[in-house]
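The values are calculated or read from the model by the stated rules, or taken from the named source; none is laboratory data. Since this is a predicted model, take the numbers as computed values, not measurements. Please note: Cβ atoms are built from the backbone with ideal geometry, for glycine as well, and neighbour counts cover all protein chains shown.
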Amino acid sequence: MNKKIKSYLSLWTIKRFLQLLFGLYFFWEYAKHPNLFALIFGLLMTFQAIMNVGCFSSKGCTTPRSNTNIKYDENQEIEYEEVE
């Protein structure tokens, strides 16, 4: 069991550890002063850190481009329409 935990934690980055700490901090705040925001935010942060999903994952928040082969002509004149 100890080897599994070490193997799992060896894949963690500093961002994931910080996210887990923030999640646990918000759980602590919820325990001291029951606040629904602290509970929800603590659950969200802890879940994202443990499962490595969301904006704090190693891939970030970017979405892949659907078509990267489009060529743009920099010399093409842009037409503007006046809105009144």
- Note on the structure: Across the stretch 60-84, the tally of residues that are hydroxyl-bearing (Ser, Thr, Tyr) and modelled with pLDDT of 65 or more stands at 2
- Message: Whether any residue in the stretch 51-59 is under 18 Å from the mean Cα position of the chain (by Cα), among the hydroxyl-bearing types (Ser, Thr, Tyr) and modelled with pLDDT under 75 is what I want to check.
- Response: yes
- Message: I'm checking my understanding of the structure. Among residues of the stretch 13-37 that are more than 22 Å from residue 53 (Cβ to Cβ) and aliphatic (A, V, I, L, M), which one is surrounded by the fewest Cβ atoms within 10 Å (Cβ to Cβ)?
- Response: 36
